[in-house]
Amino acid sequence: MPLYLEIIVCVLLLIGGIFLLVGSYGLARLPDIYMRLHSPTKASTLGITGVLLASMILQSYLQDFVSIKELLITLFLLITAPVAANMIAKTAIHHGIKPLEKTRGKSLIEKMRHRNNPPE
Amino acid sequence: MRFFPMPFHSMMLFVVWLLLNNSISAGQIVLAAFFAITIPWLVKDMRDEHPKIRRPFLAIRYVLMVMKDIVVANVEVALLIIGPIKKLQPGFVAIPINLSSDLGITILASTVSLTPGTVSAEISKDKTWLYIHSLHLDDEQALIAEIKTRYEAPIKEIFGC
């Protein structure tokens, strides 16, 4: 395997790994459920993409065959991650989980629970 | 069109199945054809009418822009997570939306969740307000304006609704 390919794969794996680590760290570190939602939906999509791109390059080289399924996995991830985050946020709101004290716009939560329009 | 109620989806299923298996052996082609025919036939009655894409080039530009924004947002959120947590100012915001199709609203909500430090949380019953949660809210009006001009306007133009 040529050196330049190894370097590209290593860099992609490192970038992916760092973002996944930061995403998991955020999940443990952020104070309330609504803030925690941000780290798995964002920090980890780029992380997974990095790892999958590395896998795609390596597999394409080893098999002498362009491997595209990793791109499909990334696409599916991009479609499903926001839906999952939305469902978790909805569940939290409808269970009346309190956000952090300093959160702005807390009065909107009651409106959200009943899916009403906000007061103007 | 009795055997292919959704020809485009049939083709997609066929191609995606072969790509996922990375093979074009006879067995996989038979399986792919089987799925491409039976799955659309099973789900054809569950479909809702969706608006057609009116501006394909704008749609491609939108996808590329969102991809770029995803990378930027990933880095931004990663920095916010590593940085001092006490300084974060989370907040809920209501955004007035003006899209008439469910597909457009879904795409807008998904884009909002993937990109600028925000997660879409709920939508009002009459589908005119999108509630989002922001990890770090500096300026509410600026955020609303950005989402409306950067994401909502192109979606509106793409679907012509």
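FYI, it's all coordinate maths here, none of it is from the lab. This structure is a prediction, so every number in the text was calculated from the model and none was measured. We place every Cβ from the backbone using ideal geometry, glycine too, and count neighbours over all the protein chains shown.
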When A:His95, B:His133, B:His9 are ranked with the fewest other C-beta atoms within 10 Å first, the list becomes A:His95, B:His9, B:His133
In percent, what relative contact order does chain A have, based on Cα pairs under 8 Å that are 6 or more apart in sequence?
24 percent
Once phi for every residue in segment B:12-22 is put through the Karplus expression 6.51 cos²θ - 1.76 cosθ + 1.60 (θ = phi - 60°), the whole-Hz ³J(HN,Hα) values, with Gly and Pro written as x, are 4, 4, 4, 5, 4, 4, 5, 5, 5, 8, 6
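Based on alpha-carbon atoms only, what is the radius of gyration of segment B:56-159 relative to the globular estimate 2.2 N^0.38 Å?
Values: Rg = 13.9 Å, N = 104, 2.2 N^0.38 = 12.8 Å.
Computed over Cα atoms of segment B:56-159, the ratio equals 1.08.
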Under a cut-off of 19 Å between alpha-carbon atoms, report the lysines in cross-link reach of B:Lys87, not counting same-chain residues fewer than 8 places apart.
A:Lys102, A:Lys106
So which trypsin sites (Lys or Arg not before Pro) in segment B:1-86 end up in coil per DSSP with only 16 or fewer other C-beta atoms within 10 Å?
B:Arg2, B:Arg47, B:Lys52, B:Arg54
Quick one: putting +1 on the C-beta of Lys and Arg, -1 on the C-beta of Asp and Glu, what dipole do you get for chain B around its Cα centre, in Debye to the nearest 20?
420 debye
Could you pull out every residue, at least 5 positions away or on a different chain, whose amide H is within less than 5 Å of the one on B:Glu122? Hs are placed 1.01 Å off N in the peptide plane, and Pro or chain starts have none.
B:Tyr131
Any chance you could get the radius of gyration and Dmax over the Cα atoms of segment B:7-46, in Å?
10.2, 32
Lys, Arg +1 and Asp, Glu -1 on Cβ, resulting dipole of chain A about Cα centre, debye, nearest 20
760 debye
If you split all Cα-Cα distances of the protein assembly as shown into 10 Å bins from zero, what percentages do you get per bin, shortest first?
6, 24, 30, 25, 13, 3, 0
Within the set A:Lys90/B:Lys68; A:Lys42/B:Lys156; A:Lys111/B:Lys127, which residue pairs have Cα atoms separated by over 21 Å?
A:Lys90/B:Lys68; A:Lys42/B:Lys156
Partner chain Cβ atoms within 10 Å, averaged over the residues of A:19-30 - can you pull that number for me?
3
Per DSSP H run of n ≥ 4, the term is -39500 (n - 2.57); total these for chain B, divide by its residue number, and report the mean residue ellipticity at 222 nm rounded to 500 deg cm²/dmol.
-18000 deg cm²/dmol
What Rg and what Dmax come out for chain A when only alpha-carbon atoms are used, in angstroms?
19.5, 63
Calc'd 3J(HN,Hα), segment A:45-55, phi into Karplus 6.51 cos²θ - 1.76 cosθ + 1.60 (θ = phi - 60°), Hz, glycine/Pro = x, comes to 4, 5, x, 4, 4, x, 4, 5, 5, 4, 4
For each of A:Ile88, B:Ile144, count neighbouring Cβ atoms within 10 Å of the residue's Cβ, then give the residues from fewest to most.
B:Ile144, A:Ile88
Dipole axis of segment B:10-136 (+1 Lys, Arg; -1 Asp, Glu on Cβ), positive-most option in B:Leu42, B:Ile132, B:Thr115:
B:Thr115
In whole Hz, the Karplus estimates of ³J(HN,Hα) for segment B:136-153 (6.51, -1.76, 1.60; θ = phi - 60°; x where Gly or Pro) are 9, 9, 8, 9, 4, 5, 5, 5, 4, 5, 5, 5, 5, 7, 7, 10, 6, 4
Roughly how many nanometres apart are two label points built 7 Å out from the Cα toward the Cβ at B:Met11 and A:Ser107?
5.3 nm
Neighbour cut-off at most 13 other Cβ (10 Å), DSSP loop, trypsin sites (Lys or Arg not before Pro), segment A:76-119
A:Lys102
With each label point set 7 Å from Cα along the Cα-Cβ vector, what nm distance links A:Asp64 and B:Ile53?
3.6 nm
Mind putting a number on the dipole of segment B:102-161 about its Cα centre? Charges go on the C-beta only, +1 for Lys and Arg and -1 for Asp and Glu, and I need it in Debye to the nearest 20.
180 debye
Segment A:42-120 versus segment B:141-161: alpha-carbon centroid distance in Å:
20 Å
For segment B:40-161, what does the relative contact order come out to in percent, with C-alpha contacts under 8 Å and a separation of six or more?
35 percent
Positive dipole terminus of the protein assembly as shown, leading residue within A:Met35, B:Tyr151, B:Val93 (C-beta point charges):
B:Val93
